[in-house]
Amino acid sequence: MTRKEFLKLLGAGLATLALGCRPESATPRRKHWAWMGASVGSDDDARRTFARLKSSGIDALLLHENREEGPAFYERLIPLAQAEGIELHAWIPTMMRAELLETHPDWYAVNREGVSTAEKPPYVDYYRFLSPCVPGVRAYLADYYDRMAQIEGLAGLHLDYIRFPDVILPITLQPKYGLVQDREYPPFDYGYHPECRAQFKAQTGLDPLELEDPSANEAWRQFRYDQITAVVRQIAERVHARGKPLTAAVFPTPEIARTLVRQDWPRWPLDAVMPMIYHNFYDKPVAWIETATREGVEALGGRIPLYSGLFVPALTPEELEQAIDYALAGGASGISLFNVESLTDAHWQVLKTRLAS
């Protein structure tokens, strides 16, 4: 190497350091995830699934909790996943929990008509959402995640349904329930639990039930964003104290998340986020995955990685490959697939070709 070439190379290296960037070769390898239900079958079945995931380029599995088995469910599967090189994370619904219906029916979310999800849930019977304003709810959830975080070998904890019920459903889901939700309607507008009303009134002097148009009141919208954020913060504090990372499944873009389910996820103290960029729910083309991914990445400002959630049932194998490309072009650090059970042999082959090579 000549002196001139050496100086040129040195200058390029110093410029890279000055910009706070790493050389291309030092860029961390992308990471890919998948969601999977609790029905994993026998140990041999689980081993085969974990091995297939790894050989197809999936690094981490978000495995749904098994309420009947409890921590023993993960304790049985963790060594099997580790043997195949798969990280196992506990996928846990957060605000949507039915186990407190008998002991604490007063902890459940209340809509603008004064009806609780304990009495009459919206849309489907399992939509039994807790109210984030209730101190007992926050303590219960923080304790629950803390216990789960103590499972030896568990790679991390994953929040799902960390939100209010949908005040507006994604556009293609509305006909399924015979609805036209062109604005916020009282039966689907939640956050009116007595605790929420009292806390909001203490902050602003206003009762949200007396607002002429609750949907237009910025303080009332922000209050509900903050309630969910407070739940996340309390859980994150406990999980991080156990040395475990915390991730979350969220709605596809920051604006959609705030508008439809009161999630302000760019503010949350997470270690990674998985926006559910399910394009067909919003009557969008596959290419929209890139746009939505970019919006999320920009909102996070590089603070944590974003892994684009892809809805496998709406993607042919060819479209899955396109979706992966769009997600990465939008700045995602990888993808997360919903779900393992929906993958056909042709989908698996795309993953092996696209991710594992």
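The values are calculated or read from the model by the stated rules, or taken from the named source; none is laboratory data. Quantities reported herein were computed from a predicted structural model and do not represent experimental measurements. Cβ placement follows ideal geometry from the backbone for every residue including glycine, while neighbour counts extend to all protein chains displayed. Accessible surface is based on the protein model in full, side chains and every heavy atom, while ligands, DNA and RNA are left aside. Shrake-Rupley method; radii C 1.70, N 1.55, O 1.52, S 1.80 Å.
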Residue list for segment 66-82, filter: open to solvent by 10 Å² or more (accessible area, probe 1.4 Å) and without any contact (Cβ under 8 Å) to a residue 60 or more places away in the chain: 66, 67, 68, 69, 70, 72, 76, 80
Evaluation of residue 125 against (1) of a type in the set (D, E, K, R); (2) part of a loop (DSSP other than H, G, I, E, B); (3) within 21 Å of residue 66 (Cβ to Cβ); (4) touching a residue at least 40 places away in the same chain (Cβ under 8 Å) (one fails), failing number: (4)
Answer yes or no as to whether residue 58 is within 25 Å of residue 335 (Cβ to Cβ), among the aliphatic types (A, V, I, L, M), open to solvent by less than 50 Å² (accessible area, probe 1.4 Å) and not in a helix (DSSP H, G or I). yes
Of the residues that sit in segment 228-251 and are polar (S, T, N, Q) and either modelled with pLDDT under 95 or open to solvent by less than 10 Å² (accessible area, probe 1.4 Å) (or both), which one is farthest from residue 34 (Cα to Cα)? 229
So which residues in segment 104-121 are of a type in the set (Gly, Ala, Ser) and touching a Ser or Thr at 6+ places or on another chain (Cβ under 9 Å), if there are any at all? 109, 116
Residues of segment 145-160 satisfying the condition of being surrounded by fewer than 18 Cβ atoms within 10 Å (Cβ to Cβ) and within 24 Å of residue 191 (Cβ to Cβ): none
I'd like the residue in segment 58-112 that is basic (Lys, Arg) and more than 30 Å from residue 184 (Cβ to Cβ) and, out of all such residues, is nearest to the chain's Cα centre (by Cα). 67
Just wondering, is there one or more residues in segment 153-162 that are more than 24 Å from residue 64 (Cα to Cα) and assigned to a loop (DSSP other than H, G, I, E, B)? no
Within segment 310-325, does at least one residue satisfy the condition of being touching a residue at least 60 places away in the same chain (Cβ under 8 Å) and within 30 Å of residue 268 (Cα to Cα)? no
Of the listed residues (30, 52), the one being surrounded by 12 or more Cβ atoms within 10 Å (Cβ to Cβ), modelled with pLDDT of 50 or more and within 22 Å of the chain's Cα centre (by Cα) is 30
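Per-residue answers, yes or no, for (1) touching a residue at least 24 places away in the same chain (Cβ under 8 Å); (2) within 28 Å of residue 243 (Cα to Cα); (3) in contact with a Lys or Arg (Cβ under 9 Å, 6 or more places away or on another chain); (4) of a type outside the set (D, E, K, R):
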| site | (1), (2), (3), (4) |
| --- | --- |
| 84 | yes, yes, yes, no |
| 96 | yes, yes, yes, yes |
| 136 | yes, yes, no, yes |
| 169 | yes, no, yes, yes |
| 174 | no, no, no, yes |
Is it fair to say residue 180 is without any contact (Cβ under 8 Å) to a residue 24 or more places away in the chain, part of a loop (DSSP other than H, G, I, E, B) and within 22 Å of the chain's Cα centre (by Cα)? no
